[in-house]
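The values are calculated or read from the model by the stated rules, or taken from the named source; none is laboratory data. All figures in this text were calculated on a predicted structure; none of them were measured in a lab. Note that we place each Cβ from the backbone using ideal geometry, even for glycine, and neighbour counts take in every protein chain shown. Areas reflect the complete protein model, heavy atoms only, side chains present, ligands, DNA and RNA absent. Shrake-Rupley method; radii C 1.70, N 1.55, O 1.52, S 1.80 Å.
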Amino acid sequence: MSNLKSHIANHPWVCAACNLLIVMAAYTLSRLFFFLTSPDLFPNVTAAHLWEMVLGGMRFDLTAILYLSSVYLLLALLPLPMRWRQNAVYQSVAKWFFLVPNWIGIAVNCADMVYVRFTDRRTTITFFDEFQNDGNLLSVFLQGAVQYWYVTLFALLLMAGLVCLFRKSHFPVSDSRIASRPWIYYPVEVLLFVVSTYFIVIGIRGGFGKYTRPITLSNALQYTDRPQETMLVLNTPFCIMRSSEGSTYTDPHYFAEDEVAQIMTPWHTQSSEPKTQKLNVVVFILESFAAEHIGFYNEGRGYTPFLDSLLAQSVTWRYSFASGRKSIDAMPSVLSSIPMLINPYIVTPYSTNAVSSIADCLGNEGYTTAFFHGAPNGSMGFQAYARSAGFDKYYGMDEYPNANRDFDGTWAIWDEEFLQFYAHTMSTMTEPFMTAVFTASSHHPFKVPERYEGVFPQGSQPLHQCIGYSDLAIRRFFEYAGTQPWFENTLFVITADHTNQLCTPAYTNALGQYRVPVAFFCPAHLPAEQRTDIVSQTDIMPSVLGFTGYQKPYFAFGEDALTTHKQHNYAVCYNNPVFQIMSDSLLMQFDGKEVTSLYAYRTDTLLQHPLPTEQAPTEMTDYLKAYIQQYIHRMVTNQLTHE
């Protein structure tokens, strides 16, 4: 009897199950560690709700672990002769096929505890496309591992725990009842293998019965009270593996083709008056300049004294929104009026579609066009997008003189030096010109040049001093630009790529985390005004074309908010894993099938009092559905330019 008990306790099936439970425990500990070290990301979570999210997260953990452990499970459970499975080399190979993939899974899951602060979502397969041309990722990773040493230490402890607790299977060869009866051994082992395979498949799919489709990222919503909590429920290996499967977009067919065009259409016919003098256009996309960091939006409390003064002389909106949460979302949104829905456009299979842009449209009107970004050429896919969007020239680190001297050591040329290069280069360009610049210094690892250490307010986040430094760089740009003959005849557009390192409750919620500046400054032609309606990054292209007197039809998901009143006063974004639309008073979230949340954000600034979803205006819901349908259909069919 003791031999039989020993055989069962050390059987590969039992040992494999124990090893999987060990990894499950590691992921659960990671989830609790993430929660405890990031209270600002998960405010007002009760113990009961935390437990709900922990239990719900185990579904996603199991799927990821079974994927990562699949080779190990095959080696452990395959009904081979007992002497083969007992072989030391065979056992060692099986062990390493268990440890290495799960070490990697734990490492990326823990690393994402840091990275989600910059993206507000778990990392997906698009990460590898976003950074495929960046050769400094190892340096960035090592800096992060040191800066967030406690996360690194926690990951190493979990990885060591897998080694210490790993259970090695063992058949007691002395048990003659097994060794001498292959007609019992093989049928039993084959049966166990078949049963195990069935449950492994079920585990990878995430359930059976009513779960007719494998679980996806959106299934995490059923365990959360708000979309941001999905980053606690999900794990990164699951997100990477699920996002790599199959086609991203499927036409939802909410409306018939002729009906959807009546509700929302991206085809625009410009009706503004032509200009007798063509204006230059300069677009600033400021890295991580959230509205929270800008004093103009917060009664003077901020880190941008110069930008505050500039916005006071501009046309602005109290509520202006980004269309995405990553840097690569900004270029299509700002320059081509193509928002980020589901995945960043630049890294989707549709990124080779023909697109139009401000540069493309104005270039056809005789404008000289150029895009500037101080990072290594090819970084973030910006150079490729600039080219596809119709920019004549691209100025990156390769074109910048003295790059070695002015490189920040991590990402790009320091903003002060690069913006001076930007201004001086424009002074050599033939007018009219259209240019855009993407700044870089207000970015992790949140450093400023040595000569400015201790100069700018430190604030409560590492980013804040960098915002102060970049604000100084912008001031220096305008000091020089103001002396140039092209200055008075130029429309300046100011926006940010996305928000970052938000602190206050009014900005850490589903509304505030998309609030960025959108401003138009034209010294000789545009009086200052703060408007009460809303605007989005996707409205920038139509607004620029309207103000410059562009007369031809064009394609855009936004509307002219500068020279006319928007026909549909909405802003749309994708707040993973829900679609989100803001009107002048309401915020609505939609999961692709039904409205999931509704808030009156002007009065409920912290989004603590959801309205009944039945109160969602039909026209608002229909517009969002039509918007999604138009977006997906145009992507899939490559119709992102005017016919």
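Quick notes
- Of all lysines in the structure, the ones whose alpha carbon falls short of 16 Å from that of LYS625, not counting any fewer than 8 places away in one chain, are LYS593.
- Rounded to 5, the percent of DSSP beta bridges in the chain classed as antiparallel: 50 percent
- For ILE125, the solvent-accessible surface computed with a 1.4 Å probe is close to 50 Å², ligands and nucleic acids excluded.
- Loop-located trypsin sites (Lys or Arg not before Pro) in region 285-345 whose Cβ has at most 16 other Cβ within 10 Å (DSSP): ARG301
- Sum of side-chain charges, SER543 neighbourhood, beta-carbon under 10 Å (Lys, Arg +1; Asp, Glu -1): -2
- Rolling a 1.4 Å probe across all protein chains gives VAL93 an accessible area of roughly 60 Å².
- Sequence-distant lysines (8 or more away, or on other chains) whose Cα lies within less than 16 Å of LYS275: LYS552
- Counting charges near LEU606 (Lys, Arg +1; Asp, Glu -1) among other residues having Cβ under 15 Å from its Cβ returns a value of -1.
- Sum of side-chain charges, SER288 neighbourhood, beta-carbon under 15 Å (Lys, Arg +1; Asp, Glu -1): -3
- Accessible heavy-atom area order of CYS18, CYS361, highest first, probe of 1.4 Å: CYS18, CYS361
- In terms of packing, defined here as the mean over residues of other Cβ atoms within 10 angstrom, the peptides 529-537, 432-440, 148-156 line up highest first as 432-440, 529-537, 148-156.
- Solvent exposure of the chain as accessible area per residue, Å², 1.4 Å probe: 41 Å²
- Neighbour cut-off at most 10 other Cβ (10 Å), DSSP loop, chymotrypsin sites (Phe, Trp or Tyr not before Pro), region 22-94: none
- For the pair GLN222 and ASP533, a Förster radius of 41 Å applied to the C-beta separation gives a FRET efficiency near 0.70, rounded to the nearest 0.05.
- For the peptides 136-143, 345-352, residues were scored by their other Cβ atoms within 10 Å and the scores averaged per peptide; the highest-first order is 345-352, 136-143.
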